[in-house]
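One structure is given here, and the rest of the page talks about it.
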Amino acid sequence: MERRRVEATRGRRVKGIDAPGALVVRPIESRRDLSRFVGVPWAVYDPNEYPQWVPPLRVQVRGLLDGTNPIWKRMARQLFLAERGGKPIGRIAAIENPAHNEFHGDRIGFFGFFECREDSEAAAALVTAAADWIRDRGLDRIRGPVSPSTNHECGVLVKGFGRHPLFLTPWNPPYYGELLEAAGLEGVKDLLAYPIPLGSDFQLPDSFFEQAERARRASGLTFRDLDLSDADTELERIWEVYHSAWEPNWGFVPMSKEEFFHLGRELKPLLIPRFAFLAEVGGEPAGFLLIVPDFNRILKEIPDGRLFPLGIVKLLLGKRRLRTGRLMALGIRKEFRTRGIFALFAAEAFRRGREYGAVMAEASWILEDNEAMRRPLERLGLSPYRRWRIYQGRTAPILAAAS
């Protein structure tokens, strides 16, 4: 189908379209507009057509976009809304992250919070709006989706559409990747998810536990639950590990301490202590593992995405019955990364999961070229069952080839 380069400027109709349903892409400038931006997914997803979609919590999305969130002390963004006939049909955020560019030596801007109906013209207009904003800030490439950074939801789902998405991972229809490619973007990196069965029909080999025991004796590591009644002290200890353990992986930038504490305080009421545990040597923090319960199973019961008045009750009461989760973070200080250390953490998580009656955990996201993480999982016979893709393109102009 022939595509036209679109002009996505404030309140202007798309070039070449004069029908009453003409496409308009405009920047978000008011609190009312922000509410419309947050509400776009409900205009895109029909639960009958896409039963896998999990409605997000509106307050959570607002919290990520709120100017008081510490992440925006280091970053800047502009939100855009796509409408036809005054009705929202898509959205995108253009993001500048100077910390990323300084650390990686890049001149990249990002896009995130992308949602769109199956409308190639609207998707192209949104990407163009974001690319123009990014180019005007002196950046020559656009990459995403990251919402709003690689420490949050990122990627477009390209494999595993029929499965239930786990908490804080995106789900989208198959056409999303096609929309972004038609808008001039190309895949630049894939992120993987591995399912880890914990039911009685799955057993880790004896050699795995033997390796874990050797690592335990060699390292002197002991494990304990996080004390969530003293969350700030525990966050300080985890921060020591995070700051020491973080590696300069592709595209990732470490959080500032303020961002780290903000995220930790948000996650605190959602955690189950036995799945948020610290490894210590002589009382000093050496590593941590964080598995977040799959609250998506409860969010499916909150179709309007509103936390109040009943959503909060469903979340707090429903946590007790959750038996699946997402392995969201694993950090080990460099001086303790010895042969078998992964087996030691995995064996501890496996033991705790079995005792709790858990049936499955998902390890995500894992970079497609992160062999250090992929190899031990695949030695256990596990295979990636879900894949997300991050896209990239030039900003000057990104849609020239589609003119």
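For the reader, a short list of remarks on this structure follows.
- Residue within region 224-238 that is assigned to a loop (DSSP other than H, G, I, E, B), surrounded by 15 or more Cβ atoms within 10 Å (Cβ to Cβ) and of a type outside the set (Gly, Ala, Ser) present: yes
- Only one of Val281, Val292, Val253 that is in contact with a Ser or Thr (Cβ under 9 Å, 6 or more places away or on another chain) and closer than 26 Å to Gly155 by Cα: Val253
- One residue from Ile298, Ile302 being in a loop (DSSP other than H, G, I, E, B), of a type outside the set (D, E, K, R) and either under 22 Å from Trp365 (Cα atoms) or not assigned by TED's automatic domain parsing to the domain that holds Val61 (or both): Ile302
- Checked against (1) more than 29 Å from Val156 (Cβ to Cβ); (2) part of a helix (DSSP H, G or I), Glu266 passes all but condition (1).
- Complete set of residues in region 290-315 that are of a type in the set (D, E, K, R), farther than 19 Å from Val38 by Cβ and in contact with a helix residue (DSSP H, G or I) (Cβ under 7 Å, 6 or more places away or on another chain): Glu301, Lys314
- Scanning region 209-223 for residues that are assigned to a loop (DSSP other than H, G, I, E, B) and touching a helix residue (DSSP H, G or I) at 6+ places or on another chain (Cβ under 8 Å) yields a single hit, Leu221.
- Counting only residues that are out of contact with any strand residue (DSSP E or B) (no Cβ under 8 Å at 6 or more places or on another chain), among the small types (Gly, Ala, Ser) and in contact (Cβ under 8 Å) with a residue 24 or more places away in the chain, region 192-240 holds 4 of them.
- The conditions of being over 19 Å from the mean Cα position of the chain (by Cα) and modelled with pLDDT under 95 are not met by Glu83.
- Number of the condition not met by Thr324 [criteria: (1) under 23 Å from His243 (Cα atoms); (2) surrounded by 15 or more Cβ atoms within 10 Å (Cβ to Cβ); (3) among the polar types (S, T, N, Q)]: (1)
- Residue count for region 241-263 satisfying the condition of being assigned to a helix (DSSP H, G or I), surrounded by fewer than 17 Cβ atoms within 10 Å (Cβ to Cβ) and modelled with pLDDT under 90: 2.
Table: residues versus (1) touching a residue at least 24 places away in the same chain (Cβ under 8 Å); (2) in the same structural domain as Ala218 (by TED's automatic domain parsing); (3) among the hydrophobic types (A, V, I, L, M, F, W, C).
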{"site": "Leu327", "(1), (2), (3)": "yes, yes, yes"}
{"site": "Arg333", "(1), (2), (3)": "yes, yes, no"}
{"site": "Phe336", "(1), (2), (3)": "yes, yes, yes"}
{"site": "Leu344", "(1), (2), (3)": "yes, yes, yes"}
{"site": "Val359", "(1), (2), (3)": "yes, yes, yes"}
{"site": "Ile366", "(1), (2), (3)": "yes, yes, yes"}
{"site": "Arg374", "(1), (2), (3)": "yes, yes, no"}
{"site": "Arg379", "(1), (2), (3)": "no, yes, no"}
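- Looking at Ser207, Ser219, just one residue is outside the structural domain of Leu65 (by TED's automatic domain parsing), within 19 Å of Pro285 (Cα to Cα) and polar (S, T, N, Q), and that residue is Ser219.
- In the set (1) over 14 Å from Arg274 (Cβ atoms); (2) surrounded by 15 or more Cβ atoms within 10 Å (Cβ to Cβ), Leu316 fails one condition alone, (2).
- Of all residues making up region 181-206, the number that are of a type outside the set (Lys, Arg) and either touching a helix residue (DSSP H, G or I) at 6+ places or on another chain (Cβ under 8 Å) or assigned to a strand (DSSP E or B) (or both): 17
The values are calculated or read from the model by the stated rules, or taken from the named source; none is laboratory data. Just so we're clear, the structure is a prediction, and the values are computed from it rather than from any experiment. In this analysis, Cβ positions are derived from the backbone assuming ideal geometry, glycine residues included, and neighbour counts consider all displayed protein chains.
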